[in-house]
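Accompanying notes for the structure given below.
Since every read-out is calculated from the coordinates, none of them should be taken as a lab result. Only a predicted model underlies this, so the values are computations on that prediction, with no experimental measurement involved. Using ideal geometry, Cβ is built from the backbone for each residue, glycine included, and neighbour counts are taken over all protein chains shown.
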Amino acid sequence: MGHSKAYSVAEATKKLEAYCAYQERCHMEVVQKLKDMKMIQEAVDHIVNHLIQENYLNEERFAQSFARGKFNIKKWGKNRIVTELKQRQISRFNIKTALQEIDETAYLATLDALAQKRMHQITETNLQKKRKKLADYLLYRGWESHLVYGKLKELVPNP
């Protein structure tokens, strides 16, 4: 099994069409996949262009779907979504567009539900430590600090 199969451009194109049809991909993933398939740069460029023209690959659509998914399913805040999109080399314009996919009311409601749920899971009795644990949890998930600290004031009032 050790040796890797050599792909023709046509085979690689078909394979990548399927890869992109299965779920939204970013350019970086597609290029990496082609490189793993040992395709030369010329072939990579050719295939990527084909995928864009045929609308298999659309970075704006990828970013929007990524933002929606990470918010709805993983309950990530905007900071984390932005960081992860930047790591995938998504343009600032497409990141901005992606964030517009998140409804502001739903965003705040999700933060509230997430914070409430986490509050009940933290067994810490020391209020200061409890507050810090909750803050760390929410900040790690990418929720903006002003929102997190506002939520803490509300949920863990100062004695």
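Tell me the mean residue ellipticity at 222 nm calculated for the chain from its helices only (DSSP H runs of n ≥ 4, each -39500 (n - 2.57), averaged over every residue, nearest 500). Let's see the in-between values first.
Values: 9 runs with 112 residues, N = 159.
Rounded to the nearest 500, the figure is -22000 deg cm²/dmol.
Considering Cα pairs under 8 angstrom that are at least six residues apart, work out the relative contact order of the stretch 104-155 and quote it in whole percent.
Working: 22 pairs, mean separation 17.4, N = 52.
Taking the mean separation of contacting Cα pairs over the length of the stretch 104-155, I get 33 percent.
Quick one: net charge around Asn79, please, counting Lys, Arg +1 and Asp, Glu -1 for every other residue with C-beta under 12 Å from its C-beta. Display every interim value, and only then the final one.
Working: positive: Lys70, Lys78, Arg80, Lys86, Arg141; negative: Glu84, Glu144.
Summing Lys and Arg as +1 and Asp and Glu as -1 gives +3.
Give the shape of the stretch 9-53 as rounded, prolate or oblate, defined through the alpha-carbon gyration tensor: a ≥ b ≥ c are the square roots of its eigenvalues, a/c under 1.5 means rounded, and otherwise the shape is prolate if a/b is larger than b/c and oblate if not.
Working: a/c = 1.43, a/b = 1.34, b/c = 1.06.
Cα axes put the stretch 9-53 in the rounded bin.
Of Ile40, Ile102, Ile73, Ile47, the sequence from fewest to most neighbouring Cβ atoms within 10 angstrom is Ile73, Ile40, Ile102, Ile47. Using a cutoff of 8 angstrom between alpha carbon atoms and counting only pairs six or more residues apart, the relative contact order for the stretch 59-99 works out to 65 percent.
Which of rounded, prolate or oblate describes the chain when judged by the alpha-carbon gyration tensor and an a/c cut-off of 1.5? Cα axes put the chain in the prolate bin. Listed by chain and number, the aspartates and glutamates whose alpha-carbon sits under 17 Å from that of Lys5, ignoring those within fewer than 8 places in the same chain, are Asp36. The charge dipole of the chain, taken about the Cα centre with unit charges on the Cβ atoms of Lys, Arg (+1) and Asp, Glu (-1), comes to about 880 debye, rounded to the nearest 20. Sorted fewest first by neighbouring Cβ atoms within 10 angstrom, Met119, Met39 come out as Met119, Met39. Cross-link pairs exceeding 24 Å between alpha carbons, from the set Lys15/Lys35; Lys70/Lys133; Lys14/Lys86; Lys33/Lys75; Lys96/Lys132; Lys86/Lys153: Lys14/Lys86; Lys33/Lys75; Lys96/Lys132; Lys86/Lys153. Taking every C-alpha pair closer than 8 Å and separated by at least 6 residues, the mean separation divided by the residue count of the chain gives a relative contact order of 21 percent.
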